[in-house]
Every structure is written in structure tokens, then in C-alpha cells.
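Everything on this sheet refers to the single structure shown next.
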Amino acid sequence: HDHLKVGQTVSIHIIDVDGEKRTMAASMLDEQADQYLNRRREMKERQRRRQKAWEESYSNKSDVGFFEDAIKELEDAFQEDYGGWSSTEQ
């Protein structure tokens, strides 16, 4: 790995300023690399939120609940494809 030396000149750009905390974040990466990393971080955060929402919605569901959902999905698909059914049809 390459390391910086004391007194070495480097190029940075400011990526965040927090006035409340009186801090700032700087990066030595080029802006395109930082933008990629930000998009990647945001994507992972969205995935984490979706996973958490999925876990919360399904953690309280019983096997009967999953079965009822499956039956409803089949009935809806049958209705779309065949317009439903009646007891006189064979």
C-alpha cells in the first residue's frame, strides 16, 4: 500500500459539512468514485429498509396466513385468466 508522508501535498474535495457538529468530511477519491460509493451506500440502505419491512410484515404471520395469501393469489390469477368459475362449469 502507498502511504502519505508528512508534508506531502494531496488533492481533496469536501463531501460533507455538518455545521451543528462543526465538522466536515473530505475525500481524496475523485468525485466520480465518491458518487459511486454514495449510490452504493444508498442502495444498501434501501435494501436494508426493505428487508426490515419484509421481516416485520411476515414475522407475525402464521402458516395459515401464508396459505390464505397463496389461495387468494391463485384465485386472482384464475379470475384474470378465465374470468372466474361457477359450480355448473366442468
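A short reminder: the numbers here are calculations on the coordinates, not readings from a lab. Owing to the predicted nature of the structure, the values given are computational and were not obtained by experimental measurement. Don't worry about glycine lacking a Cβ; one is built from the backbone with ideal geometry, like all the others, and counts go over all protein chains shown.
Worth pointing out:
- Filtered by the rule that a residue be among the acidic types (D, E), surrounded by fewer than 10 Cβ atoms within 10 Å (Cβ to Cβ) and part of a helix (DSSP H, G or I), region 12-54 gives no residues.
- Residue tally, condition without any contact (Cβ under 8 Å) to a residue 12 or more places away in the chain and not small (G, A, S), over region 5-33: 15
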